[in-house]
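What follows draws every value from the coordinates through simple rules; no lab data is involved. This is a predicted model, so every value here is computed, not measured. Don't worry about glycine lacking a Cβ; one is built from the backbone with ideal geometry, like all the others, and counts go over all protein chains shown.
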Amino acid sequence: MDSPAAPRGDYPVLGRDVDGHPLVYLDNAATTQTPAQVREAHDEFYRRYNANVHRGIHTLSHEASMAYERAHDRVAAFVGAAGREEIVFTKNTTEAINIVAHSLGETVLDEDATIVTTEMEHHASLVTWQQIAERTGAGIEFIRVTDNGHLDMDHARAVIDDSTALLSVVHVSNVLGTVNPVAELAALAHDHDASVLVDGAQSVPNRPVDVSALDADFLAFSGHKMAGPTGIGVLYGSAHLLEELPPFLFGGEMIQNVTLSESSWNELPWKFEAGTPPIAEGIALAAAVDYLEEIGMETIQAHENELAQYALERLEARPNVETYGPPPGVDRAGLVSFNVGDVHGHDLSSILNDRGIAVRAGDHCTQPLHDVLDVPGSVRASFYVYNTTAEIDRLLDAIEDAEPKRDAHVRENYHDRIVDHFERPRDGGVPGSHSFVVAADETSCGDDGEFAVSVDAAGRIDGVEYKSESCAVSTAVASLLSEYLQGRRVDDVGSLEAELTAVLDDEFPELRRDCVVGPIEVIQHGVAEYLAESAAPNA
Ligand code: PMP
């Protein structure tokens, strides 16, 4: 299938070059590009009727209010909601989930209640439920993921019971591409009178989604993943639940009547939209909905599934490629996550970037899912209406011989000393037993690795050993760091970051700050713990 599902001319950005190569944009699960029609709706608001909503009698305010309200109607129809009262505009999916979490936290979640969610949730939902469980005393259960990337439905049946107050499930996994059986799960939850929240961030943009068919009480999604602008997301909530829930934020717009002693709340959905809302963004989101519906959600679903199957079959045919999620032939969203041999995802994504190809590498905000997959991260290629199989061919071509390409990439882009440390990492070794070991699972870049450090009787570092599952540059920096630490006083290490980043910035300006601070953060963290535990000598 060489043709896109939408005219590529709607997206001038797709015509640009990156590093002398035509751009291949395959990072759509993170953010999609914005077509001319959507940019025009956004621009027209500022050109013709920019004003605050629901506050003025004047013409501009009236026009803005009408367009903003119609945008709610448009989105309501798009997901099968009863009307605008069920559509709250938020900042993004994350905020939509947080609204529900906060409001349920004040009402139904307590020590007797359980939140059931899954191992494949995005941090937007997983971290939110962790926090709310901790604050309310509610329990939390995670439905397991099977080896073929599906939810273990037997486990779901075992953990959803009368204590379940909420089931929160991602409709389409942003890493595995799995399409979860939400209606079946919702039926289980409803049998036990639990509410159901569906994270639709990866489903609403690319397949028909209807809240009644899903039996969802809440549905959260983001404009920027569906040809819309950033800064706008949606919380669908069934009207009777939104009526019952307390508001999340307080202020103007969400009130009906205010005295010095009390206030009453505005009608839905405005009760959940405190302050000046994302007006231009909401109007542009409605234009994105028009745009997608004109193409047809079934067409988009079929297009994405075909691209994903095309990529998956060819990636799986490569002996050194490991893919994650359901096998070829199973319905999936338009994305494929994979690893190539021993080449770290950040290196692979740099190699691809050298060839104009934009993909994402890392844990994709699903660290626990990557723990289940037993890999520190993956590379994700994700497709949208404008992508073609010819672009996937360019991806496949670029990952051929990834290891030699990685080595060449490092040699071409980095200083000789970095190349030397990458090719001959010096871990120095530890004389005898180490004094402490620190694992690198706390780096801001998400790389994994481990430092073992030995400290002599005088409080000086006399050996550093590390194992690394990091990108080439992080490995080289860890090697440089090990060398640099030899003979240093262990209690000086706390102040190392500023000193070392200054040295590295000065000597190797081509290094990205993220790649430098990761290993430093790890070693500092280990030293701080070691000093706290052992009250290391100061002399
Ligand atoms: N859930 C899923 C499944 C996602 O893929 C994402 C975005 N990566 C989010 C939630 C969070 O979306 P946002 O950053 O727009 O809040």
Share antiparallel - DSSP beta bridges, the range 115-251, percent rounded to 5:
35 percent
May I ask you to derive the FRET efficiency for R47 and E262 from their Cβ-Cβ distance with R0 = 60 Å, giving the value to the nearest 0.05?
0.90
Selection from H409, G356, A82 lying farthest towards where the dipole of the chain points positive, charges on Cβ
G356
Rounded to 5, the percent of DSSP beta bridges in the chain classed as antiparallel
70 percent
Dipole-positive endmost among S3, V38, H21 within the range 1-48 (Cβ charges, Cα centre)
V38
Positive dipole terminus of the range 369-524, leading residue within V375, F436, G518 (C-beta point charges):
F436
Ranking request for peptides 199-211, 326-338: highest mean number of other beta-carbon atoms within 10 Å first, then the rest in descending order.
199-211, 326-338
Take R488 and A458, extend 7 Å from each Cα along the Cα→Cβ direction, and tell me the distance between the two endpoints in nm.
1.8 nm
With a Förster distance of 35 angstrom and the Cβ-Cβ distance between A77 and T107, calculated FRET efficiency to the nearest 0.05 equals 0.75
Which value in nm describes the separation of the simple spin-label points at D290 and V503, placed 7 Å from the Cα toward the beta carbon?
6.0 nm
In nm, the gap between the two label points placed 7 Å beyond Cα toward Cβ at E469 and E316 is 2.4 nm
Between the range 311-335 and the range 470-537, what's the alpha-carbon centroid distance in Å?
38 Å
Ranked packing of 122-130, 187-195, most packed first, by mean Cβ within 10 Å
122-130, 187-195
Which FRET efficiency value, to the nearest 0.05, is calculated for E521 and S212 with the Förster distance at 35 angstrom and r the Cβ-Cβ distance?
0.15
If one takes the longest principal axis of the Cα atoms in the chain, at what angle in degrees, from 0 to 90 and to the nearest 10, does the Cα axis of helix 36-48 lie?
70 degrees
Rounded to the nearest 10, the angle in degrees between the Cα long axis of helix 389-399 and the longest principal axis of the Cα atoms of the chain comes to 20 degrees
Between exposed GluC sites (Glu not before Pro) in the chain, where DSSP calls loop and at most 10 other Cβ atoms lie within 10 Å, what's the longest gap?
268-509
On full extension of the chain, what length is gained from M66 through S495, given 0.36 nm per residue of separation minus the C-alpha to C-alpha distance?
148.8 nm
Which lysines, on any chain, are close to K225 with Cα under 21 Å apart, when same-chain ones fewer than 8 places away are left out?
K91
Crossing angle, helix 123-136 versus the chain [Cα axis fit, 0-90 degrees, rounded to tens]:
80 degrees
